[in-house]
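**Student:** Below is the structure I would like to discuss, written out as structure tokens.
The values are calculated or read from the model by the stated rules, or taken from the named source; none is laboratory data. Keep in mind that what you see is a predicted model, and the values were worked out from it rather than measured. Quick reminder, even Gly has a Cβ in these numbers, built from the backbone with ideal geometry, and neighbours come from all protein chains shown. These accessible areas exclude ligands, DNA and RNA; they are computed on the full protein's heavy atoms, side chains included. Shrake-Rupley method; radii C 1.70, N 1.55, O 1.52, S 1.80 Å.
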Amino acid sequence: RGLIQDNEDLFPMWMSLLKTMRLCEIAALKFLMSLLEEEYLDSEDADFKEKSVQVVEHKKLTVRRMVEELDPGVICDKIITHWNLSPEGRNPAAHIANVKDDDDDTAIDTSAMMTRPKREFEATTYTVEEQEVHCLEISFYCWALFEGVKEAKEFSNEPTPEHEKKNGPDAPKVVYTPQKWHLAKAKKYDHFVESVMSMYHSKYLHFLFGRIEILRGERLQKLFYLVPKPVRALKSQSLIKDWQLKTVADVDRTGGPEAKLQSFSEAVSEEYIDFVKHQYNLQGSPFPLNSCGEIMKGARISINCLTILITVIVAILYQGAYSRENKLGQYSVHYPKHWHVVMLQGLSAAHFVSCMLLMIFHIIAKTVWVVKVQIERFKDDNPTEVHTLNGPYGAYLMCKYFIGDSELLVKLLLAAVSYMGLTLDFLIYSIHLLYVCSQEASLAKVFEALNLTSNQVTCTVLLGFCFQYVFLVIGFLIFHEGYGFADMDTSQCASLQACLLAHLDYGFRSGPVWGGPDLTWEQFVFDYIYNLIVILILAAIVSGIIIDAFSSMRAALQEQTDDQTNNCFICSINRSVMERKQVRFDHHVFQEHYMWSYARFLMRLEMAQDSDLSGLESYVQDKVTVGDFQSWYPINKALSLETEDDNKYSEKELRVKDLEELRTVVKQCSEGAGEQVKNMREMKAGMKDTRESLKTMEFALSQLQGDVQKKADQLAAAAAAAASHG
């Protein structure tokens, strides 16, 4: 590289060679990663037992050969070197120092620091952007290869006698050992991970390198993927983070782990992917369109600060009080000095500009996306009416969805109130204090409770107005003199309208107050029923509705917090179960089963070409295509929680299979025994019938013998009689 960079004739050929070399290296690393994948196993397959043995033995052999034949130090060196040459290394301050082995005596030092020559920055056939992407891919695949081999369950397995026998005495000499891999991890791999975490934060690598666990058939497997470019470019963008927090709060947790994951996956597929793409497209636009999230965040902070500042200044400087002569905007009356007015006008103008920025950039960043999502849903729900979107009905739907964005309406109201404060009177800015309060999490729950119960409270208030009118009319019909209330004597009202207004104003505060000293039975009953219904029951209903809403929200929030704090979102395994098996819960949920790694994986499936997907990715894509967001999630499973017995996965599955076969044999034996019992019963019944037949024959023979004897006696008697007569 050093010699060729000054040779203009050879430089284009060198760049072409460099590109080809990196593409070949990426292909080779992909092939190595594919070797770690396992064949799909179906427990219902007749050859499940034999296939399980083959899969496990093949995986053991593959990992063992990789441990022996791949240099872990070189793999780690390539992670760091290509990381520095990727987009993450554009800033020299973000470079990660290479670590040289103390016993490295190889001719090629792979840990040497590599920098991109100036001429490569100027290349047109192989642009620096392409170079950086390829270097990031190489860094990722080396990271995934090291993780896939080093953290495999089969990594620490010792060679079995059968394995040694298969290799024979002429087997290749072991070059690298598990100890070499442990050393590379401690010195180089951990150095890389810790350097990234120290420069940024503990989740930074998740924005670049994805790692999840997939349930494929009967086997739990690791899957590594390069995070899609929009996520890599946006990283922790504030609007995306807000969407994530909202999704975590709104996901359905009532139907068990399956329903939760289904709800989460549908939200990701229907909203998250398109929203990230929309933000990524905006990032490619010129300023300020590429900074919508930051501008909106700054506008919110500005509105809060200016609202509090204007309110405090007005409260201190405002002179005068109620007056018929003074009108809105007469600043000379209420503010003693002119510069006070100029200062407040400047702050008000800044406040209005902040509100307008918040509204405009909300339209650009969110409302346009909301309209697009709603139109796509309309197409999915009404495939036969898609053609209507090209006409006036399409424009109507767009306006409907545009106005239906509740967040936009709030920001539009903020801008309108700010404009009124700027043009009419500074006192109007006090209304924005409600918006300031809503930015605080605990106070936001109050507004949410009021919003949830608004229909019920409104209906109850209308019911109260009806009761007030009914009591007023009953009073007109029964009593000859009017009555007042504790706060005001309204007994002299001259019309039904005036009395009704008095009732609505004062009737909710106290019961009727009569002018005379004596209280009749009619007045007593009227007062008692009025106090019972209007003062006690209606007030209790309104407060009960709001209290129940707070209780429900508190219970739901507590349930969500407990679930999020003590259970893994993906596998739903409890923290205590993990701790009993010596697995750190935080490491598990943020590294092994990080929920947003699964969301970004779904985004990769949608954006990637089918030819770029691995076998595991294609398997999940087939599931997602038919709307199956459950069968491939590792529900109640995790590789790190498998015990030593669990690691003997094939043996466990074989034992289950053997038990199933034994159960089949026992069932067959039971059925045979049943047949034998049935035959014995039939034989007994036959023997019984035979015995009964024999008894019948014996009885018939005895009768026949008696008849014969009787006949013989008769013949003998007749013969004797004849002889005597003769």
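**Student:** From the residues in the stretch 619-668 that are of a type in the set (Val, Ile, Thr) and assigned to a loop (DSSP other than H, G, I, E, B), which one is modelled with the lowest pLDDT?
**Tutor:** THR643
**Student:** Same structure, new question: Would a scan of the stretch 149-171 turn up a residue that is at pLDDT 90 or above and within 39 Å of the chain's Cα centre (by Cα)? Show your work before the answer.
**Tutor:** So in the stretch 149-171, the residues at pLDDT 90 or above come out as 149-150.
Of the ones still in play, those that are also within 39 Å of the chain's Cα centre (by Cα) are 149-150.
Yes, there is a match, as at least one residue in the stretch 149-171 is at pLDDT 90 or above and within 39 Å of the chain's Cα centre (by Cα).
**Student:** Going residue by residue through the stretch 285-295, is there one that turns out to be under 15 Å from SER354 (Cβ atoms), open to solvent by 70 Å² or more (accessible area, probe 1.4 Å) and assigned to a helix (DSSP H, G or I)?
**Tutor:** yes
**Student:** Moving to a separate point now. Which pairs turn up if I take residues in the stretch 615-643 that are on the phi < 0 side of the Ramachandran plot and small (Gly, Ala, Ser) and look for partners that are part of a loop (DSSP other than H, G, I, E, B) and open to solvent by less than 60 Å² (accessible area, probe 1.4 Å) with beta carbon separation below 7 Å, at least 6 apart in sequence or on another chain?
**Tutor:** Note: pairs meeting the criteria are GLY615/GLU37; ALA638/CYS571; ALA638/ILE573; ALA638/HIS593; SER640/VAL583.
**Student:** Still on this model: Out of curiosity, is CYS459 open to solvent by 60 Å² or more (accessible area, probe 1.4 Å) and either of a type in the set (D, E, K, R) or out of contact with any Lys or Arg (no Cβ under 7 Å at 6 or more places or on another chain) (or both)?
**Tutor:** Taking the combined requirement at face value, the residue satisfies it.
**Student:** Loosely packed, with under 12 Cβ neighbours inside 10 Å, free of Cβ contacts under 8 Å to residues at least 40 places away in the same chain, farther than 25 Å from ALA539 by Cβ and small (Gly, Ala, Ser), is that true of ALA486?
**Tutor:** Details: loosely packed, with under 12 Cβ neighbours inside 10 Å: yes; free of Cβ contacts under 8 Å to residues at least 40 places away in the same chain: yes; farther than 25 Å from ALA539 by Cβ: no; small (Gly, Ala, Ser): yes.
Against the criterion (loosely packed, with under 12 Cβ neighbours inside 10 Å, free of Cβ contacts under 8 Å to residues at least 40 places away in the same chain, farther than 25 Å from ALA539 by Cβ and small (Gly, Ala, Ser)), ALA486 does not qualify.
**Student:** Considering only the stretch 423-455, state which residues are in contact (Cβ under 8 Å) with a residue 40 or more places away in the chain, open to solvent by 80 Å² or more (accessible area, probe 1.4 Å) and either among the aliphatic types (A, V, I, L, M) or touching an Asp or Glu at 6+ places or on another chain (Cβ under 9 Å) (or both).
**Tutor:** If the condition is that a residue be in contact (Cβ under 8 Å) with a residue 40 or more places away in the chain, open to solvent by 80 Å² or more (accessible area, probe 1.4 Å) and either among the aliphatic types (A, V, I, L, M) or touching an Asp or Glu at 6+ places or on another chain (Cβ under 9 Å) (or both), then LEU450, LEU452 are the ones that fit.
**Student:** Could you please let me know if ILE79 is crowded, with 22+ Cβ neighbours inside 10 Å and either modelled with pLDDT of 95 or more or in a loop (DSSP other than H, G, I, E, B) (or both)?
**Tutor:** Yes; evaluated as a whole, the condition is true for this residue.
**Student:** Where the second residue is surrounded by fewer than 18 Cβ atoms within 10 Å (Cβ to Cβ) and at pLDDT below 95 and the first is assigned to a loop (DSSP other than H, G, I, E, B) and lies in the stretch 331-351, which pairs have Cβ atoms under 9 Å and are six or more apart or on separate chains?
**Tutor:** Cβ pairs passing all conditions: TYR335/LEU317; TYR335/TYR318; TYR335/GLN319; TYR335/VAL341; PRO336/LEU317; PRO336/GLN319; LYS337/LEU317.
**Student:** Can you tell me how many residues within the stretch 369-422 are of a type outside the set (A, V, I, L, M, F, W, C), open to solvent by less than 50 Å² (accessible area, probe 1.4 Å), under 30 Å from ALA299 (Cβ atoms) and assigned to a helix (DSSP H, G or I)?
**Tutor:** 4
**Student:** Among residues belonging to the stretch 564-595 that are acidic (Asp, Glu) and surrounded by fewer than 18 Cβ atoms within 10 Å (Cβ to Cβ), point out the one that is farthest from SER454 (Cα to Cα). Show your work before the answer.
**Tutor:** So the first thing to find is which residues in the stretch 564-595 are acidic (Asp, Glu), and the list is 579, 586, 592.
Narrowing further to those that are surrounded by fewer than 18 Cβ atoms within 10 Å (Cβ to Cβ): 579, 586.
Numbers: GLU579: 45, ASP586: 40 Å.
Ranking the candidates gives GLU579 first.
**Student:** Within the stretch 178-212, count every residue that is of a type in the set (Gly, Ala, Ser) and within 14 Å of ARG600 (Cα to Cα).
**Tutor:** First pass over the stretch 178-212, keeping only residues of a type in the set (Gly, Ala, Ser): 184, 186, 195, 198, 202, 210.
In the following step, the residues that additionally are within 14 Å of ARG600 (Cα to Cα) were identified as 210.
Final tally of qualifying residues: 1.
**Student:** Right, ALA556: of a type outside the set (D, E, K, R) and under 30 Å from ILE474 (Cβ atoms) or not?
**Tutor:** no
**Student:** Which of the residues belonging to the stretch 489-531 are within 16 Å of LEU477 (Cα to Cα), free of Cβ contacts under 8 Å to residues at least 12 places away in the same chain and among the charged types (D, E, K, R)?
**Tutor:** None; the set is empty.
**Student:** Out of curiosity, is ASP527 open to solvent by less than 60 Å² (accessible area, probe 1.4 Å), over 30 Å from PHE209 (Cβ atoms) and more than 50 Å from the chain's Cα centre (by Cα)?
**Tutor:** In short, yes.
**Student:** Sticking with this structure for a sec: What residue, of ALA46, ALA27, is among the hydrophobic types (A, V, I, L, M, F, W, C), surrounded by fewer than 20 Cβ atoms within 10 Å (Cβ to Cβ), without any contact (Cβ under 8 Å) to a residue 40 or more places away in the chain and part of a helix (DSSP H, G or I)? Break it down into steps so the answer makes sense when it comes.
**Tutor:** Numbers: ALA46 fails: part of a helix (DSSP H, G or I).
Only one candidate passes the filter, namely ALA27.
**Student:** When HIS58 is evaluated against the numbered criteria (1) assigned to a loop (DSSP other than H, G, I, E, B); (2) open to solvent by 80 Å² or more (accessible area, probe 1.4 Å), which criterion, by number, is the only one it fails?
**Tutor:** Status for HIS58: all satisfied but (1).
**Student:** What's the number of the condition PHE264 fails, among (1) in a helix (DSSP H, G or I); (2) without any contact (Cβ under 8 Å) to a residue 12 or more places away in the chain?
**Tutor:** (2)
**Student:** Just for the stretch 170-226: of the residues that are buried (at least 16 other Cβ atoms within 10 Å of the Cβ) and among the polar types (S, T, N, Q), which one is nearest to GLU37 (Cα to Cα)?
**Tutor:** GLN221
**Student:** It is to be established whether one or more residues within the stretch 117-124 are open to solvent by less than 50 Å² (accessible area, probe 1.4 Å), farther than 25 Å from PHE155 by Cβ and of a type outside the set (Asp, Glu).
**Tutor:** Yes, some residue in the stretch 117-124 is open to solvent by less than 50 Å² (accessible area, probe 1.4 Å), farther than 25 Å from PHE155 by Cβ and of a type outside the set (Asp, Glu).
**Student:** Conditions: (1) more than 13 Å from the chain's Cα centre (by Cα); (2) open to solvent by 30 Å² or more (accessible area, probe 1.4 Å). THR307 meets all but one. Number of the miss?
**Tutor:** Checking THR307 against (1) more than 13 Å from the chain's Cα centre (by Cα); (2) open to solvent by 30 Å² or more (accessible area, probe 1.4 Å), the one that fails is (2).
**Student:** Right, here's the next one. Starting from the stretch 283-297, keep only residues that are under 11 Å from ILE364 (Cβ atoms) and among the polar types (S, T, N, Q), then list their pairs with residues that are open to solvent by less than 70 Å² (accessible area, probe 1.4 Å) and part of a helix (DSSP H, G or I) whose Cβ atoms are within a distance under 7 Å, requiring at least 6 positions of separation or different chains.
**Tutor:** Close Cβ pairs (under 7 Å, with a partner that is open to solvent by less than 70 Å² (accessible area, probe 1.4 Å) and part of a helix (DSSP H, G or I)) amount to ASN290/LEU282.
**Student:** Do any residues in the stretch 236-254 that are among the acidic types (Asp, Glu) have Cβ atoms under 8 Å from those of residues that are open to solvent by 20 Å² or more (accessible area, probe 1.4 Å) and assigned to a helix (DSSP H, G or I), where the two are at least six apart or on different chains, and which pairs are they?
**Tutor:** Qualifying pairs under 8 Å: ASP250/ALA267; ASP252/ALA259; ASP252/GLN262; ASP252/SER263.
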